[in-house]
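Take a look at the structure below.
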Amino acid sequence: MKFLTILVMFFSFLFAAVNINTASQKELEKLPGIGPKKAKEIIDYRSKEPFKNIEDIKKVKGINQKLFNKIRNDIEVKSNKDIPSKDKAAK
């Protein structure tokens with residue numbers, strides 16, 4: 001049972017959702033259907049206006065409903081305030 005728990009934790013880490021508000025270009029390019037050009041469009045968009053929910057990614061040029069359906073389970077939205085800082089994590 002312990003092995004199964006460790007295995008599940010390992011795979012959930014491998015398939016963790018990509019935070020579209022903070023992901024690097026390379027991380028975004030790992031998403032199905034997202035290449036360098038679309039990854040850059042995502043980064044450019046979020047630099048002007050952070051994503052509030054995953055559906056907001058459809059506002060990015062080149063991301064339609066079909067592509068959104070491909071990536072919806074692989075993305076998430078967290079703001080910087082949702083991510084614990086190193087100082088808070090150390091306490």
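The values are calculated or read from the model by the stated rules, or taken from the named source; none is laboratory data. Small disclaimer: the values here were computed from a predicted structure and weren't measured. Cβ placement follows ideal geometry from the backbone for every residue including glycine, while neighbour counts extend to all protein chains displayed. The protein model used for the area step is the full one, side chains on, heavy atoms only, and it has no ligands, DNA or RNA in it. Shrake-Rupley method; radii C 1.70, N 1.55, O 1.52, S 1.80 Å.
Just to be sure I understand, how many residues within the stretch 53-78 are more than 19 Å from A16 (Cα to Cα), part of a loop (DSSP other than H, G, I, E, B) and either among the basic types (K, R) or open to solvent by less than 80 Å² (accessible area, probe 1.4 Å) (or both)? Looking only at that region, the number is 4. Answer yes or no as to whether I43 is open to solvent by less than 40 Å² (accessible area, probe 1.4 Å), modelled with pLDDT of 95 or more and among the β-branched types (V, I, T). Considered against the rule, which asks whether it is open to solvent by less than 40 Å² (accessible area, probe 1.4 Å), modelled with pLDDT of 95 or more and among the β-branched types (V, I, T), I43 comes out as no.
Taken over the stretch 2-31, the criterion of being exposed (fewer than 10 other Cβ atoms within 10 Å of the Cβ) and at pLDDT 95 or above is satisfied by K26 alone.
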